[in-house]
Every structure is written in structure tokens, then in C-alpha cells.
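No lab work stands behind these numbers, since they all come straight from the coordinates. The shown structure was predicted, so the numbers you read here are calculated from the model rather than taken from an experiment. So basically every Cβ, Gly included, is an ideal-geometry build from the backbone, and we count neighbours across all protein chains shown.
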Ligand SMILES: Nc1nc2c(c(=O)[nH]1)N=C([C@H](O)[C@H](O)COP(=O)(O)OP(=O)(O)OP(=O)(O)O)CN2
Ligand SMILES: [Zn+2]
């Protein structure tokens with residue numbers, strides 16, 4: 001480099017994924033108003049039990065974004081925590097999904113639809129273009145992923 005000439009080299013943009021895990025408890029019944037009682041029983045089996053059943057759900061919320069060069073963060077996890085409180089715990093924890101959550105009044109409370117509900121809540125609360133994935137563990141064996149498609 002020529003003597004006395006300063007060259008500013010822009011730092012490369014780097015992207016990271018942050019996942020925060022949150023558990024909550026809720027009960028539900030798989031039952032579709034657009035099917036007959038017999039069809040509901042046949043399709044959903046024990047999950048159509050009229051008095052419902054419960055789950056300890058686990059949700060993984062993943063955001064993807066550029067690491068801010070000043071803060072070193074994609075987003076502050078403290079803020080992510082607050083969005084999860086607002087978008088997941090407040091509406092869902094210790095609730096009967098079918099009776100307490102208006103979204104499920106006419107939508108079957110499958111884990112697929114629960115993931116969509118959580119996505120729609122979180123996308124409104126998080127900074128634009130950061131939400132990457134919602135992963136819901138209904139049981140240890142049943143895991144649903146939704147990426148807003
Ligand atoms: N596509 C989907 N299928 C099913 C869903 C769902 O959300 N999406 N949900 C259920 C039930 O709600 C349910 O509670 C599943 O419970 P269960 O079968 O007991 O759970 P496991 O598979 O983890 O338990 P096993 O040990 O295999 O019995 C059903 N289907
Ligand atoms: Zn269930």
C-alpha cells in the first residue's frame with residue numbers, strides 16, 4: 001500500500017440463526033366441524049375423545065438475520081423472549097385450545113395449525129424479515145415445522 005494512504009475494507013456480512021425454546025401446556029380435541037361424528041372418530045381416533053386430552057408442547061422459534069457489527073447480535077434474545085411471551089405463552093399456556101383460542105373455533109387444533117397460529121403471531125411481533133422457522137413438538141415423537149409458506 002502507498003505510504004500515507006488509508007484503505008477502509010468493509011467487513012463481510014455474516015448471517016446467523018438464533019433459536020429460543022419455550023414450553024407450554026394445553027389441552028385440545030381433534031374434531032372437524034366439516035366432518036360427521038363418525039368421520040371424526042374414524043380419522044382422529046383417540047384424539048377425538050369428546051373430553052379432550054393434554055400436551056406439554058415445546059416450541060422452537062428460529063430467527064435468521066445479519067449480525068449487526070455494532071451490537072454483535074442478530075437480535076437481542078431478551079426481545080425475542082418478550083415476543084414469545086406475547087405471541088405464544090399469553091394466548092396458549094394452560095388453555096383449552098379449542099375453547100379459549102378464537103383461531104381454533106373453526107380450525108382443527110392439529111399441530112400443523114398450531115404452528116401456523118404461532119407463526120402468524122410471531123411474525124407480527126418480531127422485526128421485519130427475521131422469523132425463519134417455527135418448530136412445534138407436540139410429543140417427543142411428533143414434531144411439526146412451519147416456515148411461513
Ligand atoms: N398430522 C397430525 N396428526 C396427528 C396430530 C397432529 O397434530 N397432526 N395430533 C394427534 C394427536 O393430537 C395426538 O395427541 C397424538 O398423540 P399420540 O398418538 O398419543 O402421540 P405419540 O405419537 O407421541 O404417542 P405414541 O407413543 O406413538 O402412542 C394425532 N395425529
Ligand atoms: Zn393431541
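Numerical summary
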| item | result |
| --- | --- |
| Percent antiparallel among DSSP beta bridges (both partners in the stretch 7-97, rounded to 5) | 90 percent |
| Spin-label model distance (nm) - residue 13 vs residue 66, 7 Å beyond Cα toward Cβ | 0.4 nm |
| Kirkwood hydrodynamic radius (C-alpha pairs) into Stokes-Einstein, the chain, 10 °C and 1.306 mPa s, D in µm²/s | 91 µm²/s |
| Per principal axis, descending, Cα span of the stretch 40-99 in whole Å | 56, 21, 15 |
| Convex hull per residue volume in Å³, alpha carbons only, for the stretch 1-83 | 158 Å³ |
| For the stretch 69-149, alpha-carbon Rg relative to the globular expectation (2.2 N^0.38 Å, N residues) | 1.19 |
| Cα long-axis angle, helix 111-125 against the chain (0 to 90 degrees, to the nearest 10) | 40 degrees |
| MRE, 222 nm, helices only [DSSP H, n ≥ 4, -39500 (n - 2.57), over the chain, to nearest 500] | -6500 deg cm²/dmol |
